[in-house]
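Only one structure is covered here, and it is reproduced in the block below.
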Amino acid sequence: MPSSSLDSERLVLEALKSVRRLIGMEVAFISEFAEGRRVFRYVDSLSEDVPVRVGASDPLEDSYCQRVVDGRLPELMHDASRVAEARKLPATAALPVGAHLSVPIRLSDGRVYGTFCCFSRRADNGLGERDVKTLRCFADMTARFIEEQVVEEKRRRDLLVRHASVLEGERFHAVYQPIVRLLDGAVIGHEALTRFIDEPIRAPDLWFNEAAEIGLQAQLEAAAIDKALRALRHLPAQGYLSLNASPQTLLSGVLEPVLGAHPFERLILEVTEHASVDDYSTIARAIEPLRKRGLRIAVDDAGAGFASFRHILKLQPEVIKLDNSLIRQIDSTRQYRALAAAVQRFAEQTGSAVVAEGVEAEAQLQVLRDLGVGHAQGYLLGRPRPIEDLLEQRG
């Protein structure tokens with residue numbers, strides 16, 4: 001759950017506890033009206049023996065809440081057992097219900113979300129309009145926080161529907177960008193990149209970030225890899241195919257079945273993650289069986305942040321990829337050249353190869369050659385293209 005939603009939930013719970021104590025009731029709860037039922041979303045109780053639990057529900061028509069909202073019951077009852085309409089409900093005698101206060105929670109569009117309620121098992125003739133006003137005040141305040149959650153939950157539901165459609169319909173395709181050896185200009189491999197065809201049209205990273213947010217990151221990355229691998233037999237046999245996967249996907253166990261019977265010696269797995277990883281030993285264990293079959297590991301985005309350098313030190317990759325943000329200024333900024341040079345020297349000492357990403361100018365290419373960087377990719381050297389375009393170019 002996003003931190004903003006957690007903050008809203010904490011504030012709602014604090015408001016619930018505060019109003020229960022302020023009015024002097026045994027139980028306070030917030031209910032939601034959902035598909036003909038009253039669902040208890042938040043509960044604060046003085047004791048454990050009151051059968052009101054978060055997540056429980058009952059028919060809305062059989063509840064105090066519905067009757068308060070439609071006017072069949074008053075918002076304040078000093079003793080529910082003395083109110084004829086309340087006596088129709090089994091809960092009045094079963095709990096029993098004595099004093100009871102309830103007010104609607106209305107969202108900004110006027111829609112009734114549910115109710116803010118307090119009750120005790122004993123009657124309380126000391127309650128008055130001031131207590132009702134207090135409850136209304138807290139209901140209005142919590143409505144703002146609840147609305148944030150309602151909006152967030154709807155957004156997440158929409159994302160789940162959108163991404164389920166993308167996955168089920170494979171609403172994406174793979175494009176392949178050549179990776180060039182700078183010594184002679186030969187294409188030694190391709191990086192598979194994903195392009196989405198569903199609206200909204202936007203950067204692939206945003207799609208993958210959304211998938212991670214709703215728990216579909218591994219599924220989407222695995223599906224993208226599976227689609228990219230379908231073209232492997234059409235790529236030059238002497239070249240490799242570089243695939244992107246996050247540490248979370250590596251740990252999920254979905255990759256090995258997807259890689260299946262493909263020639264592992266022709267594959268490189270790029271670890272793409274901008275955040276720090278807590279347990280590299282677990283990732284190393286997950287990668288080891290794949291490496292034994294010939295798979296090589298690349299660390300993406302070197303130079304973009306501290307996380308990538310931790311990946312390099314902990315995962316000992318065969319390939320280190322210099323981030324395009326570094327390459328973009330490598331011909332004009334001394335510090336960027338120095339950082340690229342340091343990575344190149346490190347790679348020479350550890351037996352890794354360096355690939356520079358995002359090369360778009362001859363001046364950048366010349367600096368990379370001067371630094372001894374052996375491989376590069378970017379628009380200057382070749383744009384990402386569908387496999388059909390590459391085959392037509394070769395033909």
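The values are calculated or read from the model by the stated rules, or taken from the named source; none is laboratory data. Not measured: the values here are computed from a predicted model. Because the Cβ atoms are built from the backbone with ideal geometry, glycine has one as well, and the counts that use them run over all protein chains shown.
Tell me yes or no: at least one residue of the stretch 345-357 is under 14 Å from E270 (Cα atoms) and under 28 Å from the mean Cα position of the chain (by Cα). Let's see the steps before the verdict.
First, the residues of the stretch 345-357 that are under 14 Å from E270 (Cα atoms): 352-357.
So of that shortlist, the ones also under 28 Å from the mean Cα position of the chain (by Cα) come out as 357.
Scanning the stretch 345-357 turns up at least one residue that is under 14 Å from E270 (Cα atoms) and under 28 Å from the mean Cα position of the chain (by Cα).
The number of residues in the stretch 368-395 being among the acidic types (D, E) and surrounded by 13 or more Cβ atoms within 10 Å (Cβ to Cβ) comes to 1.
Given the criterion in a helix (DSSP H, G or I), surrounded by fewer than 20 Cβ atoms within 10 Å (Cβ to Cβ) and either touching a residue at least 24 places away in the same chain (Cβ under 8 Å) or out of contact with any strand residue (DSSP E or B) (no Cβ under 8 Å at 6 or more places or on another chain) (or both), identify the matching residue among L365, L326, L290.
Values: L365 fails: surrounded by fewer than 20 Cβ atoms within 10 Å (Cβ to Cβ); L326 fails: surrounded by fewer than 20 Cβ atoms within 10 Å (Cβ to Cβ).
Result of the check over L365, L326, L290: L290.
H100 meets all of the listed conditions (1) assigned by TED's automatic domain parsing to the domain that holds R67; (2) within 30 Å of the chain's Cα centre (by Cα) but one, namely (2). Would you say E35 is touching a residue at least 12 places away in the same chain (Cβ under 8 Å) and among the charged types (D, E, K, R)? No; evaluated as a whole, the condition is false for this residue. The residues of the stretch 182-219 that are more than 23 Å from L235 (Cα to Cα) and aromatic (F, W, Y), listed by number, are W207, F208.
Going by the structure shown, is V161 in the same structural domain as W207 (by TED's automatic domain parsing) and either farther than 30 Å from A86 by Cα or at pLDDT 95 or above (or both)?
Against the criterion (in the same structural domain as W207 (by TED's automatic domain parsing) and either farther than 30 Å from A86 by Cα or at pLDDT 95 or above (or both)), V161 does not qualify.
Consider E360 carefully, then state whether it is among the acidic types (D, E), touching a residue at least 40 places away in the same chain (Cβ under 8 Å), in the same structural domain as A284 (by TED's automatic domain parsing) and surrounded by 13 or more Cβ atoms within 10 Å (Cβ to Cβ). Don't jump to the end; show me each part of the working.
On the way: among the acidic types (D, E): yes; touching a residue at least 40 places away in the same chain (Cβ under 8 Å): no; in the same structural domain as A284 (by TED's automatic domain parsing): yes; surrounded by 13 or more Cβ atoms within 10 Å (Cβ to Cβ): yes.
Taking the combined requirement at face value, the residue does not satisfy it.
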